[in-house]
Amino acid sequence: MDTSKDIFQSRLYRLNRKLLSLLGQWPFQKDRDRRVILATISFIGLTQAVAQILALVTLSGDFDATIECIPPLLVDFVCVIKLTNLVCNIEQIKLILIHIQRDWQTWAIQSEFEILCRFAESGRSITIGYASGMYAFGSLFPFLAIIPKLTGKNITSEYSTRPVGFPYHVEYYVDLEKYYYPVLIHNYLSTVIRLTIIVACDTYVAVLVLHCCALFSVVRYRLKYVRKSIEQDRKLASLEEDDKFYKNFVYCIQKHKDALRFARCLDNIYKKPFFLEIGSVILAMSLSALQATSGIINTQIAMRHAAYIIAQLLHLYIACWLGQQVIDHSDRVYTSTYRGEWYESSPKSRKLLNMIMLRSTSPCTLTVGKLMILSLPSFSAVVRASASYFTVLRSVR
C-alpha cells in the first residue's frame with residue numbers, strides 16, 4: 001500500500017524518493033526489493049571497509065600512511081551510522097511520511113497550501129544543490145587520484161596497498177597489480193555508494209526539517225493574519241464573529257501541537273546519529289587538514305584533501321543550518337501571536353493564546369546527543385574544535 005503515492009510522486013519530493021529507493025530505504029518499497037538492495041550495497045560497502053581496515057593494520061608502523069587511512073574509514077563509519085539509523089527507524093519514518101501526506105491533503109486555506117509549497121520547493125532546491133556539491137567534491141578525491149593513470153604518466157606508488165589510481169589504501173591479500181581493475185572498480189563503486197548514502201540521508205533530513213518549519217509557519221500565519229485566515233476558511237465563514245476567532249485559535253493550537261510532536265520525533269530519531277557524526281567530522285577534518293598541509297605532498301594531493309574537507313564542511317553546515325531553522329521558526333510563533341489581531345477577539349478566545357505563547361517561550365531544537373544543540377553557532381564551534389585538534393596533531397607529528 002503506497003499511502004504517499006500522490007505527493008511523493010510529484011516533482012517536490014521525487015528526487016528524495018529516488019535517492020532513498022536506491023538504498024532500499026524508501027518505506028513504501030516492496031520488502032523484497034528493500035532487502036535485496038540493502039544486502040547488495042552493504043556487501044559492497046562493508047567488504048571495501050574491511051579492506052581499508054586490513055590496510056590500516058598492515059601500515060600500522062608508518063605514521064603518515066596510518067593518517068591517510070583514517071579519514072576514509074571515518075566516512076565509512078558515518079555511512080554505517082546513517083544507514084543503520086534508517087533501517088532501525090523505518091516504521092517511524094513511514095509514519096512521518098504519512099503525516100506529511102496528511103498535511104498536504106488537509107490544508108484548510110490557500111495560504112497554508114502556499115506555505116507548504118514554498119518550504120517543499122526549498123527542500124527540493126537544497127536537495128539538488130547539496131547533491132551537486134557532495135557528488136562534485138566527493139568525487140574529486142578519487143578522480144584526482146586516477147589522473148596520473150589516465151594520462152599515462154610513469155608514476156610509481158611507494159605503498160603496495162595503494163597503487164597509482166587508487167584513492168584509498170586497501171589490503172585484499174592478493175596481487176593488486178594483477179587484479180588491478182576489478183579492485184579499482186570495487187573501490188570506485190564503494191565511493192559512489194558512500195556518497196549516495198550521505199546525500200540521500202542528509203537531504204531526507206532536510207525535507208523533514210523544512211516540513212516541520214512549514215507547520216510552524218502555518219501557525220504563525222493564522223495567528224498573525226487572523227482576519228485573512230478567517231476570510232479564506234470556508235468552515236469559519238458561517239460562524240458568529242467571536243466563534244470565528246475561537247475556532248481559528250483552536251485550529252492553531254492543534255497545528256502547533258502537530259509541529260511540536262513532529263520536531264520531537266525528528267530529535268528522537270537523529271540525536272544519537274548526530275552525536276556520532278559530528279565527532280567523526282571533527283576528527284576527519286583535522287586529519288585531512290594535517291595531510292593537506294604536509295610539506296612532502298604535491299599540489300594535486302593537497303587539492304584532493306581540500307576537496308574532502310570542503311565536502312565535510314558542507315555536510316556539517318547543512319546539519320547546523322537545519323537545526324537553526326527549527327529554532328527560528330518555532331521561536332517566531334511567540335512574536336507572531338502578540339503581533340496578530342488578537343485584540344479583535346473576546347476574552348474567552350484570547351485565553352487560548354496563552355497556551356501557545358507559554359510553549360513558544362522555549363524553542364524546539366535538534367540536539368547532538370545531550371551535549372550540543374545544532375545551530376549556526378554550533379557550526380563555528382565544531383570548526384574551531386577541528387582547528388584545535390589539527391594544531392595539536394601538527395605539533396606532535
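The values are calculated or read from the model by the stated rules, or taken from the named source; none is laboratory data. In this text the structure is predicted, and so the values were computed from the model without any measurement. When we count neighbours, we look across all protein chains shown, and the Cβ atoms used for this are built from the backbone with ideal geometry, even at glycine. Accessible surface is based on the protein model in full, side chains and every heavy atom, while ligands, DNA and RNA are left aside. Shrake-Rupley method; radii C 1.70, N 1.55, O 1.52, S 1.80 Å.
Yes/no per residue for (1) within 28 Å of Val75 (Cβ to Cβ); (2) among the β-branched types (Val, Ile, Thr):
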{"residue": "Cys88", "(1), (2)": "yes, no"}
{"residue": "Ile115", "(1), (2)": "no, yes"}
{"residue": "Ala120", "(1), (2)": "no, no"}
{"residue": "Gly133", "(1), (2)": "yes, no"}
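The rows are residues; the columns are (1) buried (at least 17 other Cβ atoms within 10 Å of the Cβ); (2) farther than 28 Å from Ile309 by Cβ.
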| position | (1), (2) |
| --- | --- |
| Glu241 | no, yes |
| Phe245 | yes, yes |
| Phe249 | yes, yes |
| Ile253 | no, yes |
| His256 | yes, yes |
| Leu276 | yes, no |
| Gly279 | yes, no |
Query raised in the report: With respect to Ala55, is the statement that it is touching a residue at least 60 places away in the same chain (Cβ under 8 Å), farther than 20 Å from Ser10 by Cα and in contact with a Cys (Cβ under 7 Å, 6 or more places away or on another chain) true?
Result: yes
Query raised in the report: Here are some conditions: (1) surrounded by 20 or more Cβ atoms within 10 Å (Cβ to Cβ); (2) more than 30 Å from Gln92 (Cβ to Cβ). Ser190 meets all but one. Which one does it not meet?
Result: (2)
Query raised in the report: Out of all the residues in segment 22-52, which are without any contact (Cβ under 8 Å) to a residue 40 or more places away in the chain and surrounded by fewer than 16 Cβ atoms within 10 Å (Cβ to Cβ)?
Result: Lys30, Asp31, Arg32, Asp33, Arg35, Val36, Ala39, Thr40, Phe43, Leu46, Val50
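Scan segment 163-176 and tell me whether some residue there is part of a helix (DSSP H, G or I), free of Cβ contacts under 8 Å to residues at least 40 places away in the same chain and either open to solvent by 30 Å² or more (accessible area, probe 1.4 Å) or of a type in the set (Ser, Thr, Tyr) (or both). Break it down into steps so the answer makes sense when it comes.
Here is the first cut: in segment 163-176, the ones part of a helix (DSSP H, G or I) are none.
No, segment 163-176 contains no residue that is part of a helix (DSSP H, G or I), free of Cβ contacts under 8 Å to residues at least 40 places away in the same chain and either open to solvent by 30 Å² or more (accessible area, probe 1.4 Å) or of a type in the set (Ser, Thr, Tyr) (or both).
What are the residues in segment 306-343 that are closer than 18 Å to Ile278 by Cα, open to solvent by 40 Å² or more (accessible area, probe 1.4 Å) and in contact with a Leu (Cβ under 7 Å, 6 or more places away or on another chain), if any?
Restricting attention to segment 306-343, the residues satisfying the condition of being closer than 18 Å to Ile278 by Cα are 308-324.
Still in the running and open to solvent by 40 Å² or more (accessible area, probe 1.4 Å): 310, 313-314, 317, 321.
Across segment 306-343, the qualifying residue is only Trp321.
For segment 57-76, state whether one or more residues are in a helix (DSSP H, G or I), aromatic (Phe, Trp, Tyr) and more than 29 Å from Ile37 (Cβ to Cβ). Give the derivation first.
Going residue by residue through segment 57-76, those that are in a helix (DSSP H, G or I) are 57-58, 63-76.
From the residues that got through so far, the ones that are aromatic (Phe, Trp, Tyr) too are 63.
Now drop any that are not more than 29 Å from Ile37 (Cβ to Cβ), which leaves 63.
Within segment 57-76, one or more residues are in a helix (DSSP H, G or I), aromatic (Phe, Trp, Tyr) and more than 29 Å from Ile37 (Cβ to Cβ).
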Requested in this report: Hey, can you tell me all the residues within segment 117-138 that are farther than 13 Å from Asp202 by Cα, open to solvent by less than 50 Å² (accessible area, probe 1.4 Å) and modelled with pLDDT under 90?
Outcome: Gly138
